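The values are calculated or read from the model by the stated rules, or taken from the named source; none is laboratory data. This is a predicted model, so every value here is computed, not measured. Heads up, the Cβs are rebuilt from the backbone with ideal geometry, glycines too, and the neighbour counts pull from every protein chain shown.
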Amino acid sequence: MAAIPKPEELANISFRPPGRKWMDTKPEFKEGTHCHAAAPKWLEWLDYPFPRSWSTYDEDWKLPKNWKEIFLVGFNDRLNKYRSLRLFMDICVRCGACADKCQFFLGTGDPKNMPVLRAELMRSLYRRYHTTAGKILGRLAGARELTEDVVKELYYYLYQCSECRRCSAFCPYGIDMADITILGRELLSSIGLGIEWAMASVGSCFKIGSHIGSPPHAFKDMLEFFADECEVVTGIRPRVPVNEKGHEILFIMPSGDYFADPGTFNCMGYLLLFEYLDLDYTISTFAAEGGNFGYFISHEMGKRLNAKFYAEAKRLGVKWILGGECGHMWRVINQYMDTWNGPADFLEEPVSPITGTKFENAKSTKMVHICEFTADLIKHGKLNLDPSRNAHIVLTFHDSCNPARAMGLLEEPRYIIKNVLPPGHFYEMPENTIREKNFCCGSGSGFNADEYLPIRLRGGFPRASAVRYVHEKYGVNHVGMICAIDRAVFPPLMDYWVPGVDITGIHELVGNALVFPGERERVVDLRKRPLKGKEKEAEKFLEEVM
Amino acid sequence: MTRMDLQGFLSEKRHLVLERWLNLIFETYPPETARFLKREKDRFANPVAYEFHEGIKGIYEALLYGMEPDRVSYFLDRVISIRAIQDFLPSGALTFIFLLKTAIRKELEKEIREKGVPEELLEIESRIDGLALLCFDVYMRRREKLYELRVDEVKRRVSGLLRMAGLVVDLDQKNNKEVKANEF
């Protein structure tokens, strides 16, 4: 029988992980550390290459016979096509400014989530196949062969980058890690490697209308239901104009706003605002998705989904497009749309029909963010707002990565918040965690799969840590945000790290505060929670309506 | 076996023991990560190190002076909530509590060499074993929470549809005599 070790001997065990070189450390595909493989059905729907059943847990990922050639040719093509990619491969000087800025590194503690090292996964291939030193000296020059293990490592880590671009904000050269990730994911797609959550969303959006796969009549039913709910709370039933031709504006929102709580309450806020303004608008059941998971897979797929906006705008004969509180939709609009599907010269330069403001920033894309639209209305005194109806809310604002870093939308949501909340009800999180330095929710770019929850909680921890600070210091009980993925993933994030903090969209708060002529006295908010000081009336009201 | 005022000694050496313990915990991460965890002092730029630091301060306090179990669990949770969802096996996640033994022994090295193992060390180590048992409870609560969140998330995805279909009711509301879901 083996001797039982003495406590002193046990205490001598080293808990330090072996200091292996990064090239020799392989990822382990355990449950919760990666997204599951895409089912063949979605690839077939999209005419994507190599649909097959495969599993990340298997040794054999059933790659096509010529996978290596496809990958390397594709890499070469992209290096020639995108000068930025070649620059990003060449220019990094390992200064380390980005290393500790990624929330996935901070939360997982895995060094390969340092952006510099994540990019190195691709750079090592670039050196091996595109530089003389790498070709001759190999590993000595930081180069390595493309093998199946390398492909697996790319799959593992490129799907632990949420394309949030926080690292880019700190890089002195402006290297865009998100672009490297996007192109890396494109190459993985080209050999039949995709994740289920993203491919299912893309397939559903392409074939049916939205990421969640709700058909047109279900979408319309949901909107009618929200109009009913608005009527219960406010006495006003907003119109729901769907697929109507000849209006001025096409409104597009992310599916999270009509499918999942708490986004649904935000959708009620939109409907109420448009009713208040008597806005000449329509919603399309074919452009029923503001989000664009295609962009998380490849530029080509992003382009295909984005094209629906403009096809619908043309079909319905609108003058311009108004977009809801979505995150990556706005990066797509601001940075890709014009190259992919522009110019949208059949549309007109957006002008607010209420204030006459010209949205010159949207001259090319013809698409205006609803926060710009609403902030402009408030600035011109066009909304009668009663902030006391949000007095039960003490708010902090989470800048969503894409509106903040890809379009600089920092002030407009804050301006709205300050006008719909009573004074002293809004508190900022610490300076190095907001605005262009915001921490990502940890679930962007197709990560909101439930099997991925442990990684999402790790990646979201730095954000949650700052929320906890304002929660404990100022009694913050809600986080406001303008992204549907945020609204979908923050509830579990808060429930795990900062219980007692709820989530809200900004237009839900607008809907609460908006005073309609002839409305019934409000005693509950859009979620039917009692307003402050109206608890008794609310109880009676709820007895009547429930 | 000798006797000494170990509690007084550990109280006096509090900062040294805590620093040694924290560094040992950091070293359960890959070297590059450990370097960062040690270096960055801003709590928002390095939230993991901050939580660990706050957690172990409380745990050390509990070790020396005793503490209500709920309060101890709160401090244990500040460390365990993070390690329970990181890439550790349960044993690896809870290693940190046993590293406190290592940190204390290291601090006592000179004393032990000169005078032998102090009797009180056994008592302190037993208390650490007691803390380790509490760690199991906290760890399990966190893992159960993780699975609960997965279920809640799925529910949240369909809650709007259920409301629309009139299939959910709030039984707390008065006058809610019928449960519409029974209409199936």
Q: Return yes or no: is B:K145 at the interface with chain A (Cβ under 10 Å from one of its Cβ atoms), among the basic types (K, R), assigned to a helix (DSSP H, G or I) and touching a helix residue (DSSP H, G or I) at 6+ places or on another chain (Cβ under 7 Å)?
A: yes
Q: Identify all residues within the range B:97-124 that are surrounded by fewer than 17 Cβ atoms within 10 Å (Cβ to Cβ), of a type outside the set (D, E, K, R) and part of a helix (DSSP H, G or I); write none if there are none.
A: B:I112, B:L122
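This table checks each residue for (1) under 18 Å from the mean Cα position of the chain (by Cα); (2) within 14 Å of chain B (Cβ to nearest Cβ); (3) at negative phi; (4) crowded, with 20+ Cβ neighbours inside 10 Å.
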residue: A:E163; (1), (2), (3), (4): yes, no, no, yes
residue: A:G174; (1), (2), (3), (4): no, no, no, no
residue: A:D179; (1), (2), (3), (4): yes, no, yes, no
residue: A:S190; (1), (2), (3), (4): no, no, yes, yes
residue: A:A200; (1), (2), (3), (4): yes, yes, yes, yes
residue: A:S204; (1), (2), (3), (4): yes, yes, yes, yes
residue: A:F226; (1), (2), (3), (4): no, yes, yes, yes
Q: Working carefully through the options B:R127, B:R150, find the one that is basic (K, R), facing another protein chain (nearest Cβ under 9 Å) and part of a helix (DSSP H, G or I).
A: B:R150
Q. Mind checking whether some residue in the range A:248-259 is over 23 Å from the mean Cα position of the chain (by Cα), assigned by TED's automatic domain parsing to the domain that holds A:L453 and not aliphatic (A, V, I, L, M)?
A. yes
**Q.** Number of the exception - A:G446 against (1) modelled with pLDDT of 95 or more; (2) crowded, with 24+ Cβ neighbours inside 10 Å; (3) more than 10 Å from chain B (Cβ to nearest Cβ)
**A.** (1)
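Given the options A:V479, A:V467, A:V489, name the one that is in contact with a His (Cβ under 6 Å, 6 or more places away or on another chain), of a type in the set (V, I, T) and in the same structural domain as A:H398 (by TED's automatic domain parsing). Lay out the reasoning, then the answer.
Values: A:V467 fails: in contact with a His (Cβ under 6 Å, 6 or more places away or on another chain); A:V489 fails: in contact with a His (Cβ under 6 Å, 6 or more places away or on another chain).
Result: A:V479 is the single residue among A:V479, A:V467, A:V489 that is in contact with a His (Cβ under 6 Å, 6 or more places away or on another chain), of a type in the set (V, I, T) and in the same structural domain as A:H398 (by TED's automatic domain parsing).
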Q. Of B:L22, B:L76, which residue is under 17 Å from B:R141 (Cβ atoms) and under 14 Å from the mean Cα position of the chain (by Cα)?
A. B:L76
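Look through the range B:12-51, keep the residues that are among the aromatic types (F, W, Y) and within 25 Å of B:R105 (Cβ to Cβ), and return whichever of them is surrounded by the most Cβ atoms within 10 Å (Cβ to Cβ). Quick ask: steps written out before the conclusion?
In the first step, residues of the range B:12-51 are kept if they are among the aromatic types (F, W, Y); the result is B:21, B:26, B:29, B:36, B:44, B:50.
If we keep only those that are within 25 Å of B:R105 (Cβ to Cβ) too, we end up with B:21, B:26, B:29.
Values: B:W21: 25, B:F26: 20, B:Y29: 23.
Here the answer is B:W21.
Within the range B:22-31, how many residues turn out to be assigned to a helix (DSSP H, G or I), within 12 Å of another protein chain (Cβ to nearest Cβ) and under 18 Å from B:V79 (Cα atoms)? It would help to see each step written out before you state the result.
Our first condition is that a residue be assigned to a helix (DSSP H, G or I); within the range B:22-31, this holds for B:22-26, B:31.
Filter again for within 12 Å of another protein chain (Cβ to nearest Cβ), leaving B:23-26, B:31.
Add one more test, that the residue is under 18 Å from B:V79 (Cα atoms), and what stays is B:23-26.
Going through the range B:22-31 one residue at a time, the tally reaches 4.
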Q: Output the number of the condition that A:K303 fails; it satisfies all remaining conditions of (1) of a type outside the set (G, A, S); (2) out of contact with any Asp or Glu (no Cβ under 8 Å at 6 or more places or on another chain); (3) at pLDDT 95 or above; (4) crowded, with 21+ Cβ neighbours inside 10 Å.
A: (4)
**Q.** Long-range neighbours under 8 Å by Cβ, at least six apart or interchain, first residue under 21 Å from A:K30 (Cα atoms) and touching a residue at least 24 places away in the same chain (Cβ under 8 Å) within the range A:436-455, second among the basic types (K, R) and in a helix (DSSP H, G or I)
**A.** A:G442/A:R456; A:G442/A:R458; A:G442/A:R463; A:S443/A:R456; A:F447/A:R456; A:N448/A:R456; A:L453/B:R150
Q. Pick from B:L161, B:L99: which is at pLDDT 95 or above and either facing chain A (nearest Cβ under 10 Å) or in contact with a Cys (Cβ under 7 Å, 6 or more places away or on another chain) (or both)?
A. B:L99
Q | Answer residue from the range A:98-113, given it is in contact with a Pro (Cβ under 8 Å, 6 or more places away or on another chain) and assigned to a loop (DSSP other than H, G, I, E, B) and is nearest to the other protein chains (Cβ to nearest Cβ) among those | A | A:G109
Q: Give just the number: which of (1) within 14 Å of chain B (Cβ to nearest Cβ); (2) farther than 30 Å from A:E349 by Cα; (3) among the hydrophobic types (A, V, I, L, M, F, W, C) does A:M268 not satisfy?
A: (2)
Q) In this structure, is B:E54 surrounded by fewer than 16 Cβ atoms within 10 Å (Cβ to Cβ), within 14 Å of another protein chain (Cβ to nearest Cβ) and out of contact with any Asp or Glu (no Cβ under 8 Å at 6 or more places or on another chain)? A) yes
Q) Which residues, taken from the range A:83-97, are charged (D, E, K, R) and in a loop (DSSP other than H, G, I, E, B)? A) A:R94
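For the range A:407-417, name all the residues that are assigned to a helix (DSSP H, G or I) and either in contact with a Ser or Thr (Cβ under 6 Å, 6 or more places away or on another chain) or over 11 Å from A:I506 (Cβ atoms) (or both). Don't jump to the end; show me each part of the working.
Of all residues in the range A:407-417, those assigned to a helix (DSSP H, G or I) come to A:407, A:411-417.
Within the range A:407-417, A:M407, A:E411, A:I416 meet the criteria.
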Q) Across the range A:314-366, which residue is farthest from A:F293 (Cα to Cα) among those that are hydrophobic (A, V, I, L, M, F, W, C) and part of a helix (DSSP H, G or I)? A) A:L316
Q) Cβ-Cβ below 7 Å, separation at least six or inter-chain, first residue in the range A:421-434 and more than 14 Å from chain B (Cβ to nearest Cβ), second part of a helix (DSSP H, G or I) and among the acidic types (D, E): which pairs? A) none
(Q) With surrounded by fewer than 18 Cβ atoms within 10 Å (Cβ to Cβ), under 28 Å from A:G194 (Cβ atoms) and of a type outside the set (F, W, Y) as the only criterion, which of A:P254, A:P215 stands out? (A) A:P215
Q) Do we have any residue at all in the range A:234-250 that's buried (at least 22 other Cβ atoms within 10 Å of the Cβ) and part of a helix (DSSP H, G or I)? A) yes
(Q) Criterion first (more than 9 Å from chain A (Cβ to nearest Cβ), in a helix (DSSP H, G or I) and surrounded by fewer than 20 Cβ atoms within 10 Å (Cβ to Cβ)) does B:F9 satisfy it? (A) yes
